[in-house]
Structure formats: C-alpha cells, structure tokens
Amino acid sequence: MNKLFSRGSDALAMAAIDSGLKFYAGYPITPQNDIPEFLSRELPKVGGTFVQAESEVASINMLLGASSCGFRVMTSSSSPGISLMQEGISYLAGSELPAVIVNVSRWGPGLGGIGASQGDYHQATKGGGHGDYFIPVFAPYSVQEMYDLTVKAFDVADKYRTPALILADVMISLMRETLIRRYPEGIKPPEKSWAFGERKGERQKIIKSLYLKGNELEVHNWKLHKKFEEMKKNEILFDKYLCDDADIIIVAFGMVARVARSTIELARENGLKLGLFRPISLVPYPEEELFSLTKTCKNFFVIEMNTGQMLYDVMRILGRNVNIRFYGKPSSYVPTPDDLFNKAKELFNI
Amino acid sequence: MKDNQKFNTYQTPSWCPGCGNFGIWYALKSAYTELGFDNNDVCMVFGIGCSGNLSNFIKVYGFHSIHGRTLPVASGIKLANHKLNVVATSGDGDGLGIGLGHFIHTCRRNIDITYIIHDNRVYGLTTGQTSPTSPQGFQSKSTPFGVIEQPINPLALAIIQGATFVARGYSGEIDHLTSLIIQAIKHKGFAVIDVLQPCVTFNPNFSYPFYNPRVFKLEDAGHNPEDFNNALKYALDVNNDKIPIGIFYKISKPTYEESSEELRDKPLSEYDISDISISELIEEIRES
C-alpha cells in the first residue's frame, strides 16, 4: 500500500498497470492525453506494449487482436474518439473479448468542446454500438475511485468476458487528491482457455461474432443476456449519503455527485435535509437500491451535466408516485454547491 | 502588403507566435485576392487540430468538419455544387492518420478540390505527440523512447494514386506558397499541397532554422512537372539534406465531375426537381 498525492488520470493508469495491463493502444485527444502519456513512459517498464495508433478505430481493433491472445488490454479516449470505437466495442461484446475502455468525456454532439460533460450517459449505458448487448459501466467520482474502479473494470471484464467502460470526466481526471495505491491481489489474470496461444495439439479456435446457422445467434444473444443478468446480481455498486432522514434525495453520478455532497452539507446547515444517492455502476444500475429509498422519501432531485439522460432511468425506476425534479447543466462549467442548493429550493418550492 | 483584408474576420489568430499556420493563412488570403475571388466564391473545409482553427480567421464559406474527414466533406460539397471553389485543409495528424484512406480515394477520384496539408510533423493541439509524418526516432510525449514506424510520404502517395497536381510548399516562403495555391485552385482536378509548417512550440527541431537552409525550388532545378518518374524520384528522396518545394507533378486528366453524366452540364444544385414526372417510368415497368 502506498499513499500518494495523485492526479485522476495517473491514478487510473497506475491501476491499469497494477492490474496487469499488457497492451494499450490509443490516439491523442483532449482531455485524456495524460493517460496515454503516462502509459507510454511506464508501461514498457513492466513489460507491456504501448502503441499510439493512427486513429481510435485502429486502437479498438488492436484491442480485439491483443485481447484474443489472452492479455489484459485497455484503451482510453474522449467522447468523439469513443464514438469512433463503437463498432469495435460491439464486436468485442459479440466476440466475448475482455477489454477496458476509458472515456474521459467531453462536450458533444459533434466536435462540441473540451470541457466537463456527462453527455455520453446514453451512449455509455445503452450500448453505443449496434446489436443487443450491455457492457458494465463504472463512473468514478474521486481520484481514489479512478484507481479502484479501474481495478474493478479489469476484473469484471475477465470474469464475464466482456468489454467494460469507465465513464470518467475532466474534473475527476485532472484534479489531484490523496490516493491509496492498493496493488490489488490477482495481478495474474485468470487462465483464458479460449485465447490464442502456443499450446501444442490444441483444437482450432475461432474468435468471432458471426452466427449464421439455425438459431445459434439467438442462443448467443441469450448467453450474452444471461451474463448481464449475472452482473446485475454481483456487480452493482452505489453510494448513499445522508439518505435516511432526507426530505429530498439528489440522484447524481461522477463529478456532479461530488459537488452534490457539498450542497448537502450547505443545505443541512440551512435546515434543509438533502441526501445523495450515487450510482457507481451505471450498468448494471442499482435499481432496487434506488427504489427502496421511496419508502422514506418522496422527493428526488436528478442533477446531470446534460439535458436529462440518467433522468430517464430514474423515472423508469421510481415511477410516477414520487416527485422527481431535474436540473441539467449542459455546459463546460461545473455547477457550484450554491447553484445546486438554490436550484433545489426553486424546483421544490422551498 | 497585398490588400487581402476582405478575407479577414474580426478574430485574431490564436496560434502560438511564430506558428507556420500564419504563413498558410496569409498565402490563402493573398491567393484568393489575386484570383479576384469574392468571399462567397470559396468554400473551405477544415479538419481538427491547430489547422482547423483557421476556420475562425478567414472569411469564406467554412465547414469545420470531423477529424480526418475533410476530404469526404469537401467532396460532398463539390459534387453538390461544383461551381464553388472548394479548398480543404487539415493537419498531417488528421489528414494522414485516420484520414489517409479518404486521401488516397480522393486522389483516385480526381475531384476538382484543392487540399492543403499543414504538415508540422507533430500533434500540436494536443500538445506534442507523435504524428504520421514524424520521423523515425522522434521523441515526443507519447513516444518517450522514439518513434518506431516509418513516416507517411503524402507526396509519393498522391503521385502514385492519381492526384493530378502534387506540390510542396513552405510557410517560410509565403509568396511561393501563394503562387502554388493559385495554381492549385486553377488546376482542374485534385490538387495536393503538402506545406512544411513549423510548430515552433511542440516540434522546434523542425522549425525555420531547419528548413530555411534546406529548401530549394524545383522550378529553379529545371524539373518538368509532367515527368512522372522524376516527380516520384523527388517525392521519395526524403533523406537528402536538400528539401524540394514547388510543383512535383501536374498532368491533365478528366475530373470526376466532367466524367459524370449528371454533373457535366450543370451542378446538382441547379437541377430543378419541382416538375419531375415518373409516369413514363411507371409505364415502362407496367409494359415489362
């Protein structure tokens, strides 16, 4: 264990190395360049390969190749680059290949801007690529979680043979705070009998996502779905903060949740009991855990740095018998604790 | 000083002082002025990178497009309205990285577009990673141990793949670059100008002190641009201490627009579709 004062992007890159990352491919794009730059220096020192590819398309397809050899693989990019990778992510999911993909998201659509944003929630959680699949998605809200959730993402990716996504943001990626570098157990990835290798006398192995005969594609799709059902049972992560006596519960993820914590302290000093429910795994979403809060609270305040994306999930989960209000901030400027406190008072008529 | 003020916008370029993009900016405005263009005679398509910021600084129709996709966007504009002069620009990073496939296909299509590559051999906007034209051994933020790959040779690729006007310019020779741009725009067909564009901040080794003593003009060397073999020889000669600028290759071939039946007479934008009748076609199907 090692206590550091670290930047979010470095924490993530360290976690990847500590998790046994052996292959990274990526392409420059603001605001995530710190991750590849760190790995270009550090990954070769631990016997890993770093490649700056000619594009995000090449990067994600290099991951398809390296992952099929059984190595732990990762790429990182920011929103437009992640859009380019969607074909590859769909193929990773269809071919059941583990990989970790990091999105330090920025503004869109199109070229957008390079500021903080949560505009990629739909793309991340509902499958940006084609086909019937879900991949696990984790949203860190601290430098420590940039580390811990990366370790988690590698494990989940291997356990379920699936790509896993870290949906990070500029604020968490570029700020510095205390990090405990945990050096996780199990740096050796599990034995991958499905991977290409040099084992003599093996039967032929084909990695593919093409199923044409009879109902084999249907069987394959239900197999992928079953993995998703297993993830729902085992991999849900969430955080609750002062929810038990709350009159209004804020639902937020990533950097907005971070701001919301300060809002809650500010509100409670002023006699308004706010709480926070924070999904950490956006896929699988902590649905039951969120719904159970309706036993004690009827007011929910969804806050996102977009025009309302997770809002649809919250509305679906909570139904119409509770009072849901939304505040969206689709711009580069992260709202302050005061902004959120004032919005809460305004939207709930307090 | 040429009177090219009408192509200025109210914005001052945000490039670093000394950036090679200033030379390209000035040469473009001068070329448009000398060609007698009005602001709405030209449509420019920009890529993503420092070069793309040019969209804010030059007053013509402008499409700030996608990283590496300037040529497909420019092709779409040209095929929809080929009366417009279409000038695409992008950096070596986007145009010769993810855009390389589009580059080769636009060469073989020979659409009448002018394509200017801001070639600084580094990623400037993302603050200094290796690019497709960085030389082997180049140390950068993403290649601390040096580049392994061989650089892309845009001029040789363009010559081989059917571009009909292939040139190299230099931001430090603005009058020469202006003349190249004028000739490229006048040329009927796909015209490529690879511009040596120093990035003084993130690639200072390939800056003016490097290029100034090395560049020489092909026209002074008696090169005949119609000589394919000699053009290719110059394009492939990348290890020589002397760097040729000027027109490497120029031939006359029918453009895509001239070869397409629908586009030959007038641009798509001038076709009237208000009174199209499909009854004849329906009759034909009925009879068969």
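The values are calculated or read from the model by the stated rules, or taken from the named source; none is laboratory data. Everything quoted here is computed from the prediction, not taken from an experiment. No Cβ is skipped: glycine too gets one built from the backbone with ideal geometry, and neighbour counts run over all protein chains shown. Side chains are part of the model used for accessible areas, which takes the heavy atoms of the whole protein and leaves out ligands, DNA and RNA. Shrake-Rupley method; radii C 1.70, N 1.55, O 1.52, S 1.80 Å.
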Self-check item: Cβ-Cβ under 8 Å pairs, at least 6 apart or on other chains, segment A:104-117 side in contact (Cβ under 8 Å) with a residue 60 or more places away in the chain and within 12 Å of another protein chain (Cβ to nearest Cβ), far side open to solvent by 20 Å² or more (accessible area, probe 1.4 Å) and of a type in the set (Phe, Trp, Tyr)
Solution: A:Ile114/A:Trp107
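Test A:Gly319 against the stated conditions and say whether it is at positive phi and over 24 Å from the mean Cα position of the chain (by Cα). Spell out the reasoning first.
Working: at positive phi: yes; over 24 Å from the mean Cα position of the chain (by Cα): yes.
Considered against the rule, which asks whether it is at positive phi and over 24 Å from the mean Cα position of the chain (by Cα), A:Gly319 comes out as yes.
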Quiz prompt | Evaluation of B:Phe165 against (1) over 23 Å from B:Gly18 (Cα atoms); (2) open to solvent by 10 Å² or more (accessible area, probe 1.4 Å) (one fails), failing number | solution = (2)
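To keep it simple, each residue is scored yes or no on (1) assigned to a loop (DSSP other than H, G, I, E, B); (2) more than 14 Å from chain A (Cβ to nearest Cβ); (3) polar (S, T, N, Q); (4) on the phi > 0 side of the Ramachandran plot.
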residue: B:Pro13; (1), (2), (3), (4): yes, yes, no, no
residue: B:Pro17; (1), (2), (3), (4): yes, yes, no, no
residue: B:Ser30; (1), (2), (3), (4): no, yes, yes, no
residue: B:Thr33; (1), (2), (3), (4): no, yes, yes, no
residue: B:Gly36; (1), (2), (3), (4): yes, yes, no, yes
residue: B:Gly52; (1), (2), (3), (4): no, no, no, no
residue: B:Phe63; (1), (2), (3), (4): no, no, no, no
residue: B:Ile66; (1), (2), (3), (4): yes, no, no, no
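B:Gly99: among the small types (Gly, Ala, Ser) and more than 14 Å from every other protein chain (Cβ to nearest Cβ), yes or no? Outline the logic, then answer.
Values: among the small types (Gly, Ala, Ser): yes; more than 14 Å from every other protein chain (Cβ to nearest Cβ): no.
Answer is no for this residue.
Of all residues being out of contact with any Phe, Trp or Tyr (no Cβ under 7 Å at 6 or more places or on another chain) and touching a residue at least 60 places away in the same chain (Cβ under 8 Å) in segment A:118-130, which is most open to solvent (accessible area, probe 1.4 Å)? Just the residue, please. Spell out the reasoning first.
So in segment A:118-130, the residues out of contact with any Phe, Trp or Tyr (no Cβ under 7 Å at 6 or more places or on another chain) come out as A:118, A:120-126, A:128-130.
Remaining after also requiring touching a residue at least 60 places away in the same chain (Cβ under 8 Å): A:118, A:121-122, A:124-125.
Working: A:Gln118: 7, A:Tyr121: 1, A:His122: 71, A:Ala124: 9, A:Thr125: 5 Å².
Among residues in segment A:118-130 that are out of contact with any Phe, Trp or Tyr (no Cβ under 7 Å at 6 or more places or on another chain) and touching a residue at least 60 places away in the same chain (Cβ under 8 Å), the one most open to solvent (accessible area, probe 1.4 Å) is A:His122.
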Quiz item: Any residue at all in segment A:292-310 that is charged (D, E, K, R), assigned to a helix (DSSP H, G or I), open to solvent by less than 20 Å² (accessible area, probe 1.4 Å) and within 30 Å of A:Gly113 (Cα to Cα)?
Solution: no
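Out of all the residues in segment B:101-118, which are β-branched (Val, Ile, Thr), open to solvent by less than 10 Å² (accessible area, probe 1.4 Å) and part of a helix (DSSP H, G or I)?
B:Thr106
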Quiz item: β-branched (Val, Ile, Thr), part of a loop (DSSP other than H, G, I, E, B) and open to solvent by less than 40 Å² (accessible area, probe 1.4 Å) - does that describe any residue in segment A:162-185?
Solution: yes
Exercise. List every residue pair whose Cβ atoms lie under 9 Å apart, where the two residues are 6 or more positions apart in sequence or sit on different chains, the first residue falls within segment A:208-227 and is assigned by TED's automatic domain parsing to the domain that holds A:Tyr160, and the second residue, located anywhere, is outside any loop (DSSP other than H, G, I, E, B) and β-branched (Val, Ile, Thr).
Key: A:Tyr211/A:Val219
Practice problem: For segment A:195-246, enumerate the residues that are on the phi > 0 side of the Ramachandran plot and either in a helix (DSSP H, G or I) or in contact with a strand residue (DSSP E or B) (Cβ under 8 Å, 6 or more places away or on another chain) (or both). | Solution: A:Leu242
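Among the residues of segment A:85-95, is any in contact (Cβ under 8 Å) with a residue 24 or more places away in the chain, assigned to a strand (DSSP E or B), of a type outside the set (Gly, Ala, Ser) and more than 14 Å from chain B (Cβ to nearest Cβ)? Give the steps one after another, and end with the answer.
Pass one, segment A:85-95, residues in contact (Cβ under 8 Å) with a residue 24 or more places away in the chain: A:85-95.
Subsequent filtering for residues that are assigned to a strand (DSSP E or B) retains none.
Looking through segment A:85-95, none of the residues is in contact (Cβ under 8 Å) with a residue 24 or more places away in the chain, assigned to a strand (DSSP E or B), of a type outside the set (Gly, Ala, Ser) and more than 14 Å from chain B (Cβ to nearest Cβ).
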Quiz prompt | Extreme residue, most open to solvent (accessible area, probe 1.4 Å), among residues of segment B:119-136 that are in a loop (DSSP other than H, G, I, E, B), closer than 16 Å to B:Ser90 by Cα and away from chain A (no Cβ under 12 Å) | solution = B:Arg121
Quiz prompt | Residue in segment B:122-141 that is at pLDDT 95 or above and farther than 30 Å from A:Pro44 by Cβ present | solution = no
Quiz item: Can you tell me how many residues in segment A:82-115 are open to solvent by less than 10 Å² (accessible area, probe 1.4 Å) and over 28 Å from A:Asn221 (Cα atoms)?
Solution: 2
Quiz item: Can A:Ser76 be described as outside the structural domain of A:Glu304 (by TED's automatic domain parsing), among the hydroxyl-bearing types (Ser, Thr, Tyr), in contact with a His (Cβ under 9 Å, 6 or more places away or on another chain) and within 30 Å of B:Arg121 (Cα to Cα)?
Solution: no
Practice problem: Give segment B:12-32 a look and list any residue that's farther than 15 Å from B:Ser51 by Cα and either acidic (Asp, Glu) or open to solvent by 50 Å² or more (accessible area, probe 1.4 Å) (or both), or say none. | Solution: none
